[in-house]
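The values are calculated or read from the model by the stated rules, or taken from the named source; none is laboratory data. Values in this document were obtained by computation on a predicted structure and should not be read as measured data. Using ideal geometry, Cβ is built from the backbone for each residue, glycine included, and neighbour counts are taken over all protein chains shown. Just so you know, the surface numbers come from the protein's heavy atoms only, side chains and all, with ligands and any DNA or RNA stripped out. Shrake-Rupley method; radii C 1.70, N 1.55, O 1.52, S 1.80 Å.
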Amino acid sequence: LLSQPIPDMRTAALDIEVLASSRTRIPDPERAEEAVVCVALLGSDGRNRLLMLKRQGLPQEDLAYERGGSPIIVDYYDDETQLLRGVFDFMRGYPFVVTFNGDGFDLVYLHNRARMLNMNADQVPVVLGRDYADLKEGIHIDLYKFLFNRSVQIYAFNNSYKEVTLDAVGKALLGVGKIETNKSILDLGYGELAEYCLRDAE
């Protein structure tokens with residue numbers, strides 16, 4: 001299977017960033033108490049979106065990006081519920097949504113945050129299982145779980161990565177790692193946050 005040509009199916013890569021109140025603690029996806037401040041969605045068909053939540057006291061920046069010759073539409077939102085609706089609408093347009101640890105964080109957080117904001121269950125396309133996140137319409141592929149598989153790591157990728165982190169895998173397989181920063185999400189401006197989130201989605 002791994003040696004076969006990749007089928008041409010529309011896929012969207014998703015990454016989220018959450019505004020943690022603590023600089024040393026990762027937000028709990030089960031409780032989803034902190035706001036989702038940035039979501040990057042990169043479509044294999046050239047449709048790309050970056051959704052940013054406006055933050056008080058932070059002046060809006062005029063951001064312009066492109067990937068693979070296609071522009072990335074950047075939208076600012078005053079309201080987090082509207083941002084989540086935009087994310088969910090985009091996701092519904094793709095038969096496959098790809099994440100890195102979406103089963104453990106991104107999709108779990110989006111689901112629980114939407115419920116925390118009192119969105120109707122029928123507006124939320126994510127369904128949670130015991131240890132996975134699925135979609136009502138479409139298929140979620142968590143690349144973390146796929147790349148963590150020892151057979152995939154050894155036989156498919158020739159043991160080229162030792163750690164199963166987004167940074168290590170990106171450097172080993174694509175020659176590009178995460179954007180390094182000493183700042184927390186809380187301290188990143190819109191432009192810095194956008195670039196950080198887009199790189200993770202890439």
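One residue stands out in segment 134-151 among those that are out of contact with any Gly (no Cβ under 8 Å at 6 or more places or on another chain) and surrounded by 14 or more Cβ atoms within 10 Å (Cβ to Cβ): the one that is nearest to Y94 (Cα to Cα), namely G138. Here the condition is being of a type outside the set (A, V, I, L, M), open to solvent by 20 Å² or more (accessible area, probe 1.4 Å), within 21 Å of T11 (Cβ to Cβ) and in contact with a strand residue (DSSP E or B) (Cβ under 9 Å, 6 or more places away or on another chain); of G93, G102, it holds for G93 alone.
Scan segment 155-176 and tell me whether some residue there is surrounded by 15 or more Cβ atoms within 10 Å (Cβ to Cβ) and acidic (D, E). Within segment 155-176 (the criterion being surrounded by 15 or more Cβ atoms within 10 Å (Cβ to Cβ) and acidic (D, E)), the answer is yes, since at least one residue qualifies. D131 - would you say it is open to solvent by less than 70 Å² (accessible area, probe 1.4 Å), among the acidic types (D, E) and touching a residue at least 12 places away in the same chain (Cβ under 8 Å)? For D131, the condition - open to solvent by less than 70 Å² (accessible area, probe 1.4 Å), among the acidic types (D, E) and touching a residue at least 12 places away in the same chain (Cβ under 8 Å) - is not met.
Is it true that some residue in segment 49-61 is charged (D, E, K, R) and open to solvent by 90 Å² or more (accessible area, probe 1.4 Å)? No, segment 49-61 contains no residue that is charged (D, E, K, R) and open to solvent by 90 Å² or more (accessible area, probe 1.4 Å). Just one of the numbered conditions (1) closer than 19 Å to A40 by Cβ; (2) of a type in the set (K, R); (3) open to solvent by 50 Å² or more (accessible area, probe 1.4 Å) is not true of R113: (3). Looking only at segment 81-88, decide whether some residue is open to solvent by less than 70 Å² (accessible area, probe 1.4 Å) and of a type in the set (S, T, N, Q). Yes, segment 81-88 contains at least one residue that is open to solvent by less than 70 Å² (accessible area, probe 1.4 Å) and of a type in the set (S, T, N, Q). Checking segment 74-94 against the condition returns a match, with at least one residue being under 17 Å from E195 (Cα atoms) and charged (D, E, K, R). Here segment 178-199 is the region considered, the condition is being over 16 Å from V74 (Cα atoms) and in a helix (DSSP H, G or I), and the residue that is least open to solvent (accessible area, probe 1.4 Å) is I185.
Quickly run through segment 118-127 and pick out the residues that are surrounded by fewer than 16 Cβ atoms within 10 Å (Cβ to Cβ) and either under 17 Å from the mean Cα position of the chain (by Cα) or outside any loop (DSSP other than H, G, I, E, B) (or both). Write out each step before concluding.
Quick first cut of segment 118-127, residues surrounded by fewer than 16 Cβ atoms within 10 Å (Cβ to Cβ) only: 118, 120-123, 127.
Scanning segment 118-127 gives A121, D122, Q123, V127.
Contact annotation: residue pairs with Cβ atoms under 8 Å, 6 or more positions apart or on different chains, pairing a residue in segment 83-105 that is of a type in the set (D, E) with a partner that is part of a strand (DSSP E or B), are D103/A133; D103/H140; D103/D142. Any chance segment 13-29 includes a residue that's open to solvent by less than 70 Å² (accessible area, probe 1.4 Å), modelled with pLDDT of 95 or more, of a type in the set (D, E) and touching a helix residue (DSSP H, G or I) at 6+ places or on another chain (Cβ under 8 Å)? Within segment 13-29, one or more residues are open to solvent by less than 70 Å² (accessible area, probe 1.4 Å), modelled with pLDDT of 95 or more, of a type in the set (D, E) and touching a helix residue (DSSP H, G or I) at 6+ places or on another chain (Cβ under 8 Å).
Which residues, taken from segment 12-50, are charged (D, E, K, R) and over 14 Å from R199 (Cβ atoms)?
Quick first cut of segment 12-50, residues charged (D, E, K, R) only: 15, 17, 23, 25, 28, 30-31, 33-34, 45, 47, 49.
Of everything in segment 12-50, those that are charged (D, E, K, R) and over 14 Å from R199 (Cβ atoms) turn out to be R23, R25, D28, E30, R31, E33, E34, D45, R47, R49.
Hey, could you check segment 160-202 for residues that are of a type in the set (G, A, S) and in contact with a helix residue (DSSP H, G or I) (Cβ under 7 Å, 6 or more places away or on another chain) and say which is farthest from V98 (Cα to Cα)? Once the filter is applied, the top-ranked residue is S160.
Of all the residues in segment 185-199, those that are acidic (D, E) and either touching a Gly at 6+ places or on another chain (Cβ under 9 Å) or more than 18 Å from L41 (Cβ to Cβ) (or both) number 2.
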